[in-house]
């Protein structure tokens with residue numbers, strides 16, 4: 001059971017997070033990846049990306065930066081982490097990548113803090129006119 005209905009208690013903050021999400025749409029969830037015809041083998045490989053050969057060097061840099069930012073309490077986004085991602089992303093691209101990572105982390109932290117149950121959206125069913 002959810003602890004607090006945070007969207008109702010802080011609607012302005014909730015709307016701002018939604019707005020930030022609209023700024024960067026990156027196909028971060030399995031359903032979105034499938035819509036973009038991403039093979040299931042690559043989706044499954046994300047959990048073990050470091051040992052998988054399924055990703056390009058650029059993708060591996062983005063995944064490593066994601067780990068560094070997500071685990072900031074232990075990595076502190078070191079100069080080495082930054083240099084590695086900066087080989088493939090720079091300027092606005094690096095800012096956008098980092099904002100996308102921060103956005104997902106924000107939603108995850110809210111969900112964990114307030115014990116939110118994830119409810120995937122159901123596909124809209126269409127009926128043909130008879």
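Computed from the coordinates by the stated procedures, all read-outs in this text should not be read as laboratory data. A quick note: this is a predicted structure, and the numbers were derived from the prediction, not measured. Cβ: placed from backbone, ideal geometry, glycine included. Neighbour counts: every protein chain shown.
Some points to look at:
- Residues 34, 92, arranged from fewest to most other Cβ atoms within 10 angstrom of their Cβ, appear as 92, 34.
- D (Stokes-Einstein, µm²/s), Kirkwood Cα radius, region 1-49, 0.692 mPa s at 37 °C: 247 µm²/s
- The C-alpha atoms of the chain occupy a region whose extents along the principal axes are 56, 41, 28 Å, arranged from largest to smallest.
- Neighbour-count ranking [beta-carbon atoms within 10 angstrom, fewest first] of 107, 65, 49: 107, 49, 65
- Among 112, 104, the ranking by other beta carbons within 10 Å of each residue's beta carbon, starting with the fewest, stands as 112, 104.
- Residue-averaged 222 nm ellipticity for the chain, from DSSP H runs of 4+ at -39500 (n - 2.57), nearest 500: -17500 deg cm²/dmol
- With respect to the chain, whose longest principal axis is taken over its alpha-carbon atoms, helix 91-113 is tilted by about 50°.
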